[in-house]
1. Could you tell me how many of the residues in the range 236-260 are within 15 Å of the chain's Cα centre (by Cα), crowded, with 19+ Cβ neighbours inside 10 Å and either in a loop (DSSP other than H, G, I, E, B) or at positive phi (or both)?
2. Picking from L13, L80, which residue would you name as being out of contact with any strand residue (DSSP E or B) (no Cβ under 8 Å at 6 or more places or on another chain) and away from ligand 1 (no atom under 16 Å from the Cβ)?
3. Exactly one condition in (1) over 21 Å from D151 (Cβ atoms); (2) within 16 Å of ligand 2 (Cβ to nearest atom) is not met by I94; state its number.
4. When only residues in the range 40-72 that are free of Cβ contacts under 8 Å to residues at least 40 places away in the same chain and either within 20 Å of L273 (Cβ to Cβ) or part of a loop (DSSP other than H, G, I, E, B) (or both) count, which is most open to solvent (accessible area, probe 1.4 Å)?
5. In the range 3-39, what residues are within 16 Å of ligand 2 (Cβ to nearest atom) and in a helix (DSSP H, G or I)?
6. Select from the range 262-279 the residues that are within 16 Å of ligand 2 (Cβ to nearest atom) and in a helix (DSSP H, G or I) and list them in ascending order.
7. So which residues in the range 261-280 are open to solvent by 10 Å² or more (accessible area, probe 1.4 Å) and among the β-branched types (V, I, T)?
8. Looking only at residues that are open to solvent by 20 Å² or more (accessible area, probe 1.4 Å) and assigned to a helix (DSSP H, G or I) in the range 206-221, which one is farthest from ligand 2 (Cβ to nearest atom)?
Amino acid sequence: MNDRDKELAERILSLKERRNAVILAHNYQLGEVQDIADFVGDSLELSQNAAKTDANVIVFCGVHFMAETASILCPGKTVLLPDMNAGCPMAEMITAEQLRRKRGENPGATVVCYINSTADVKAESDVCCTSANAVRVIESLGADDILFVPDQYLGHYISTKTGRKMALWPGFCPTHARILPEHITRAREEYPGAKVVVHPECTPGVIALADEVMSTSGMVRFARRDDIAEMIVGTELGIVYRLKKENPGKRFIPASEQAVCPNMKLITLEKILWSLEKMTPEVKVSGEIRLRAKAAVDRMLEIGRSD
Ligand code: 13P
Ligand code: SF4
């Protein structure tokens, strides 16, 4: 951390105490943001942490749907997202109205929504999932008729893994779509001893070339294994900071230098400080939407991780 970041970090930490706030950060956040967070994790762990915190304020260092999920789970708390422009393009690829229409065409279908979705879409869904528990969520369903939204690639991966047929909404993550099969092939040639670990938001062509497919925190745990010395990382670049910090001496090779989520990078130390000073911008989900979305999220939280 440089001197400017150190000064900002000190001011954030002292204001955080005064506000009785907790700082939650996703694994893709900037290194200096990860360093000042109380907890860094994947989407599932962040939801679990939000649900159990006794802080009055949650500063969410991630994207909009994550802050919404925290608000859904903690109606009495103030949830701050230090930059309101930090959205997730995939979550915007389906609206509640589109989902209602699709549901109308398949009235018997069980709707499973990836957590990367708006609160309005969650409210129209039966159960939610993250990349860490998607396989177990699908396996827990008795129904044969499943509609999965919005990530077609995660949906395709779980469908292959579980053998369950699913109708897929054609959404995708633009950041993971930048990782191409030739990137994996090239990296393998250069680092023949490395394990290739990719996120299930990657395209099927990339997933087919991987040794392991995991959520971001699944990757963090995998990297700690004694038998892992080199890893080709097929996900957003922010996670490489954490992997290197926790595993000095091991080598982590990004599958593609292009896999950067610009929305995740909108959260900076300056904006976190400003947000805690002004207690804005706040993300709030309320009323009937919150209750219906909460039912889908709660149902997910009862099911354990798959990775
Ligand atoms: P996880 O951290 O839950 O694996 O999700 C990755 C992601 O794309 C979050 O937007
Ligand atoms: Fe959305 Fe992809 Fe960015 Fe995650 S990495 S927030 S899925 S755009």
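The values are calculated or read from the model by the stated rules, or taken from the named source; none is laboratory data. This structure is a prediction, so every number in the text was calculated from the model and none was measured. Quick reminder, even Gly has a Cβ in these numbers, built from the backbone with ideal geometry, and neighbours come from all protein chains shown. Just the protein is used for accessible areas: all its heavy atoms, side chains included, with ligands, DNA and RNA removed. Shrake-Rupley method; radii C 1.70, N 1.55, O 1.52, S 1.80 Å.
1. Residues that pass the stated criteria total 3.
2. Selected residue: L13, the only one of L13, L80 that is out of contact with any strand residue (DSSP E or B) (no Cβ under 8 Å at 6 or more places or on another chain) and away from ligand 1 (no atom under 16 Å from the Cβ).
3. Unmet condition: (1).
4. Keep residues of the range 40-72 that are free of Cβ contacts under 8 Å to residues at least 40 places away in the same chain, which gives 46, 49-50, 52-56, 58.
This time we only want the ones that are either within 20 Å of L273 (Cβ to Cβ) or part of a loop (DSSP other than H, G, I, E, B) (or both), so: 53-56, 58.
Details: T53: 29, D54: 133, A55: 6, N56: 89, I58: 0 Å².
Filtering first and then ranking leaves D54.
5. Going residue by residue through the range 3-39, those that are within 16 Å of ligand 2 (Cβ to nearest atom) are 24-30, 33-34.
Result: V33, Q34.
6. We begin by selecting, within the range 262-279, every residue within 16 Å of ligand 2 (Cβ to nearest atom); these are 262-267.
Matches in the range 262-279: M264, K265, L266.
7. Answer for the range 261-280, where residues must be open to solvent by 10 Å² or more (accessible area, probe 1.4 Å) and among the β-branched types (V, I, T): T268, T280.
8. We begin by selecting, within the range 206-221, every residue open to solvent by 20 Å² or more (accessible area, probe 1.4 Å); these are 207-214, 221.
Restricting the remaining residues to those that are assigned to a helix (DSSP H, G or I) gives 207, 221.
Values: I207: 15, R221: 19 Å.
Among those that are open to solvent by 20 Å² or more (accessible area, probe 1.4 Å) and assigned to a helix (DSSP H, G or I), it is R221.
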